[in-house]
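**Student:** I have a structure here, written as structure tokens, and I will follow up with some questions on it.
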Amino acid sequence: MRNIPFGKPMIGAEERQSVLEVLNGTTLVHGPRVTSFEASFSEFSGAPHSVAVSSCTAGLHLFYLAIGVGAGDEVIVPAQTHVATAHAIEFCGAKPVFVDVLNDTGNIDPAGVEAAVTERTRAISVVHFLGVPVDMDLILSIADTHGLLVVEDCALAIGARYKNLHVGLHGDVGCFSFYPVKHITTAEGGIVITRDQDFAEKIATLRAFGVNRHHGERKIAGDYDVPLLGYNYRMNEIEAAIGLEQIKKLPEFLKLRKQNFTYLEQKLVDCRNISFFTNENEKCQSSYYCFSILLEGKLLNKREEIIQFLNNKGIGTSIYYPKAVPMMKYYKKKYGYSGEEFPNASRISEQTISLPVGPHLNLEDMQYMANHVTQALKIAEK
């Protein structure tokens with residue numbers, strides 16, 4: 001039996017040596033490696049400005065703080081996403097307004113976005129679900145019509161492009177995650193990219209307590225003022241050291257993800273009672289975060305049985321996500337949703353299984369997985 005984890009951080013000798021150099025030095029925070037990592041991510045993505053932060057959630061929160069979102073304001077979000085997408089709005093005392101998603105991609109439904117706009121709406125938050133870009137032309141048209149800002153949650157979308165431009169650069173800001181099972185990791189961490197220098201500068205100030213002069217800018221050590229109420233949302237030098245080595249490997253990681261994804265797609269395409277999300281078209285280039293199958297027909301409500309079979313064979317699986325966010329206890333209790341408002345998000349939450357395609361997997365792993373997924377589906381059909 002093989003051991004195929006859903007995700008695995010690809011940490012090598014280069015990352016270990018880079019971290020050791022930080023530990024052998026004198027600077028653990030406020031150092032040059034964070035600045036270098038920001039420059040490297042800008043070079044990869046084409047972003048004019050990149051601001052490293054402690055997590056993708058922190059990046060989202062900082063953006064809302066930067067634009068003054070607060071009590072009485074609303075931000076439109078997809079119902080099918082990680083809870084952090086909505087949490088960042090709640091942190092500000094504002095209200096996340098949930099919109100159902102499209103069946104074919106899991107991305108937010110533009111028609112639902114248009115219908116959800118009110119006089120209280122400040123921004124639209126889009127999530128590139130599983131690394132498949134949202135139709136940004138439609139979203140930006142709605143935003144322009146109503147004078148709204150757009151934030152792109154790109155937690156699963158490093159390397160994804162819409163009309164040849166990296167995701168995160170279509171709206172006002174894009175926020176990325178470097179959690180251990182993402183495309184690259186810094187152990188924990190995130191980054192905000194933007195075309196707007198003012199946003200970048202304000203977010204950079206807010207991530208470090210709101211101080212007006214950072215360590216390298218102070219003529220006298222310890223001399224600074226605090227014009228803004230900020231947070232401790234910084235990335236440290238150890239995390240940046242890992243990131244600097246990881247980003248060198250990112251093109252190869254993305255190549256392997258696409259290769260593994262394509263292999264699974266080709267092997268499972270003829271299986272009965274399942275379907276796949278639309279992954280790419282002439283506008284969209286995916287980041288291939290994982291391979292999700294949607295159960296249909298005789299396989300409806302057989303997810304637990306299939307997952308158990310695969311796990312018993314050493315194949316790691318996941319669910320993106322276990323419930324539509326408005327059906328999580330906190331949000332359901334606070335806003336009183338029944339679940340009927342989000343049929344597509346509920347279906348995806350209840351009837352999908354996500355399979356790994358990361359660069360930690362080789363061809364033998366993919367063959368083993370494809371064979372056992374096929375077997376699991378046939379057994380569950382009976």
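The values are calculated or read from the model by the stated rules, or taken from the named source; none is laboratory data. On a predicted model such as this, the values are computed, not experimentally measured, just so you know. Using ideal geometry, Cβ is built from the backbone for each residue, glycine included, and neighbour counts are taken over all protein chains shown.
**Student:** Looking for something closer than 26 Å to VAL77 by Cβ and among the β-branched types (Val, Ile, Thr) - is there at least one such residue anywhere in the stretch 361-375? Before you say what the answer is, go through the steps one by one.
**Tutor:** Going through the stretch 361-375, the residues closer than 26 Å to VAL77 by Cβ turn out to be none.
Within the stretch 361-375 (the criterion being closer than 26 Å to VAL77 by Cβ and among the β-branched types (Val, Ile, Thr)), the answer is no, since none of the residues qualifies.
**Student:** May I ask you to say which residue of VAL34, VAL132, VAL83, VAL53 is out of contact with any Phe, Trp or Tyr (no Cβ under 7 Å at 6 or more places or on another chain) and crowded, with 19+ Cβ neighbours inside 10 Å?
**Tutor:** VAL34
**Student:** Does the stretch 290-299 contain any residue that is aliphatic (A, V, I, L, M), within 30 Å of ILE379 (Cα to Cα) and touching a residue at least 60 places away in the same chain (Cβ under 8 Å)? Even if it seems obvious, please write down each step before you answer.
**Tutor:** Taking the stretch 290-299 first, the residues aliphatic (A, V, I, L, M) are 293-295, 299.
Next, from what is left, pick out any that are within 30 Å of ILE379 (Cα to Cα): 293-295, 299.
Then drop every residue that is not touching a residue at least 60 places away in the same chain (Cβ under 8 Å), which leaves 293, 299.
Yes.
**Student:** Any idea which of GLY106, GLY112, GLY93 is surrounded by fewer than 24 Cβ atoms within 10 Å (Cβ to Cβ) and out of contact with any Asp or Glu (no Cβ under 6 Å at 6 or more places or on another chain)? Steps first, please.
**Tutor:** Numbers: GLY106 fails: surrounded by fewer than 24 Cβ atoms within 10 Å (Cβ to Cβ); GLY112 fails: out of contact with any Asp or Glu (no Cβ under 6 Å at 6 or more places or on another chain).
Of GLY106, GLY112, GLY93, the one residue that is surrounded by fewer than 24 Cβ atoms within 10 Å (Cβ to Cβ) and out of contact with any Asp or Glu (no Cβ under 6 Å at 6 or more places or on another chain) is GLY93.
**Student:** Restrict the check to the stretch 154-177 and report whether at least one residue is surrounded by fewer than 18 Cβ atoms within 10 Å (Cβ to Cβ), under 30 Å from HIS360 (Cβ atoms) and not assigned by TED's automatic domain parsing to the domain that holds TYR320. If you could, list the steps in order and put the result at the bottom.
**Tutor:** The first filter runs over the stretch 154-177 and keeps only residues surrounded by fewer than 18 Cβ atoms within 10 Å (Cβ to Cβ), leaving 163-165.
Then drop every residue that is not under 30 Å from HIS360 (Cβ atoms), which leaves 164-165.
Subsequent filtering for residues that are not assigned by TED's automatic domain parsing to the domain that holds TYR320 retains 164-165.
Yes, because at least one residue in the stretch 154-177 is surrounded by fewer than 18 Cβ atoms within 10 Å (Cβ to Cβ), under 30 Å from HIS360 (Cβ atoms) and not assigned by TED's automatic domain parsing to the domain that holds TYR320.
**Student:** Going by what's in this entry, would LYS382 be described as of a type outside the set (Asp, Glu) and at pLDDT below 95? Even if it seems obvious, please write down each step before you answer.
**Tutor:** Working: of a type outside the set (Asp, Glu): yes; at pLDDT below 95: yes.
Criteria met by LYS382.
**Student:** Restricting attention to helices (runs of 4 or more DSSP H) lying wholly within the stretch 279-356, give those where 3 or more residues are modelled with pLDDT of 95 or more and of a type in the set (Ser, Thr, Tyr). If you could, list the steps in order and put the result at the bottom.
**Tutor:** Numbers: elements: 303-312, 329-335, 343-351.
In the stretch 279-356, the matching helices (runs of 4 or more DSSP H) lie at 329-335.
**Student:** Testing LYS255 on (1) part of a helix (DSSP H, G or I); (2) touching a residue at least 60 places away in the same chain (Cβ under 8 Å), one condition comes back false. Which one is that?
**Tutor:** Status for LYS255: all satisfied but (2).
**Student:** Enumerate the helices (runs of 4 or more DSSP H) found wholly within the stretch 76-183, keeping only those where 2 or more residues are without any contact (Cβ under 8 Å) to a residue 60 or more places away in the chain, under 22 Å from CYS284 (Cα atoms) and not polar (S, T, N, Q). Walk me through it before giving the result.
**Tutor:** Values: elements: 83-90, 110-116, 136-146.
Answer list for the stretch 76-183: 110-116, 136-146.
**Student:** Would you please name the residue that is nearest to GLY222 (Cα to Cα), looking only at residues in the stretch 12-24 that are of a type outside the set (Val, Ile, Thr) and in contact (Cβ under 8 Å) with a residue 12 or more places away in the chain? Give the derivation first.
**Tutor:** First, the residues of the stretch 12-24 that are of a type outside the set (Val, Ile, Thr): 12-18, 20-21, 23-24.
Subset that is in contact (Cβ under 8 Å) with a residue 12 or more places away in the chain: 12, 14-15, 18, 21, 23.
Working: GLY12: 37, GLU14: 34, GLU15: 32, SER18: 28, GLU21: 26, LEU23: 23 Å.
Filtering first and then ranking leaves LEU23.
**Student:** Can you tell me which residues in the stretch 154-197 are among the acidic types (Asp, Glu) and closer than 22 Å to ARG257 by Cα? Lay out the reasoning, then the answer.
**Tutor:** Of all residues in the stretch 154-197, those among the acidic types (Asp, Glu) come to 172, 188, 196.
Of everything in the stretch 154-197, just one residue is among the acidic types (Asp, Glu) and closer than 22 Å to ARG257 by Cα, namely GLU188.
**Student:** Also, I was wondering about something else. Please specify each residue of the stretch 1-24 satisfying the condition of being among the small types (Gly, Ala, Ser), out of contact with any strand residue (DSSP E or B) (no Cβ under 9 Å at 6 or more places or on another chain) and surrounded by 13 or more Cβ atoms within 10 Å (Cβ to Cβ). Please lay out each step first, then the result.
**Tutor:** Initial filter on the stretch 1-24 (among the small types (Gly, Ala, Ser)): 7, 12-13, 18.
Narrowing further to those that are out of contact with any strand residue (DSSP E or B) (no Cβ under 9 Å at 6 or more places or on another chain): 12-13, 18.
Selection gives SER18 alone.
**Student:** Condition check: buried (at least 16 other Cβ atoms within 10 Å of the Cβ), under 28 Å from VAL77 (Cβ atoms) and among the polar types (S, T, N, Q). Does SER318 satisfy that?
**Tutor:** Numbers: buried (at least 16 other Cβ atoms within 10 Å of the Cβ): yes; under 28 Å from VAL77 (Cβ atoms): yes; among the polar types (S, T, N, Q): yes.
Here the answer is yes, as SER318 does meet what is asked.
**Student:** Sort through SER50, SER36 and tell me the only one that's closer than 11 Å to ILE191 by Cβ and in contact (Cβ under 8 Å) with a residue 24 or more places away in the chain.
**Tutor:** Working: SER36 fails: closer than 11 Å to ILE191 by Cβ.
From the options SER50, SER36, the qualifying one is SER50.
**Student:** Consider the stretch 254-276. How many of its residues are more than 18 Å from ILE315 (Cβ to Cβ) and either touching a strand residue (DSSP E or B) at 6+ places or on another chain (Cβ under 6 Å) or not assigned by TED's automatic domain parsing to the domain that holds VAL357 (or both)?
**Tutor:** Here the count works out to 1.
**Student:** Report yes if ILE220 is of a type in the set (Val, Ile, Thr) and at pLDDT 95 or above, otherwise no. Can you show your working first?
**Tutor:** On the way: of a type in the set (Val, Ile, Thr): yes; at pLDDT 95 or above: no.
So ILE220 fails the test.
**Student:** What do you reckon, is ARG33 basic (Lys, Arg) and either assigned by TED's automatic domain parsing to the domain that holds SER354 or not in a helix (DSSP H, G or I) (or both)?
**Tutor:** Numbers: basic (Lys, Arg): yes; either assigned by TED's automatic domain parsing to the domain that holds SER354 or not in a helix (DSSP H, G or I) (or both): no.
The answer is no for ARG33.
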